[in-house]
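Q: Mind looking over this structure? Questions follow.
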Amino acid sequence: MSEAPATPTPVPGAPAYEIVRARTPAEIQQCIDLRIAVFHTEQGFPLDTEVDAYDALPSTAHFLLRLASTGAPAGTIRATRPAGAPYYKLTRLAVHAAYRAHRLGAALARHLHAWALADARAAAGASARAEIVAHSQIPAMGFYAKYVLPPRPHRATPGMHVSR
């Protein structure tokens, strides 16, 4: 999968940040630690559901939003492309509670979309498109509706998740 293009779109009122593709084990662990803090510690999802086989696949793209002033992780998002699938799957979007009012989740989603399009075009040419589906909690459906197709039920999981 190719690199993400450009810099993130500034979000009004947000602290300065950068979004990088997490490549080293330490950077990927920062993504996982933030997901655990949000989904397990804060929201109560089972810890054993937070880390999965996709985390270790070389084809998985982890993105880390870091504060420019300190380098501290404030958000993460993950993209997978299941073997043989004609789409990218947006998963594991998490933003630290202290930064949610700054719409950093939207910045992460836009960054993932730009990266997926660049990756699809690198593989199939300039006219290629990138279909993106999401797996999310039902309360987040409004947020995801801004970025992907209308929701379609996928399967029952703890916390009421759907795929779109």
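Q: Which value, to two decimals, describes the C-alpha radius of gyration of the stretch 17-123 once divided by 2.2 N^0.38 Å?
A: 1.04
Q: Apply 1/(1 + (r/R0)^6) to the Cβ-Cβ distance of SER127 and ALA98, taking R0 = 35 Å, and write down the FRET efficiency to the nearest 0.05.
A: For R0 = 35 Å, the calculated efficiency reads 0.25.
Q: Right, here's the next one. Calculate the spin-label point distance for ALA56 paired with ALA85, positioning each point 7 Å from the Cα along the beta-carbon direction, and give it in nanometres.
A: Once both label points are built, they end up 1.9 nm from each other.
Q: Taking the Cα centre of the stretch 17-123 as the origin and placing charges on Cβ (Lys, Arg +1; Asp, Glu -1), which of HIS62, TYR99, ALA114 is farthest toward the positive end of the dipole?
A: So the residue we want is ALA114.
Read-outs: derived from the displayed coordinates by stated rules, not from any lab. All figures in this text were calculated on a predicted structure; none of them were measured in a lab. All Cβ positions, even for glycine, are placed from backbone atoms using ideal geometry, and neighbour counts span all protein chains on display.
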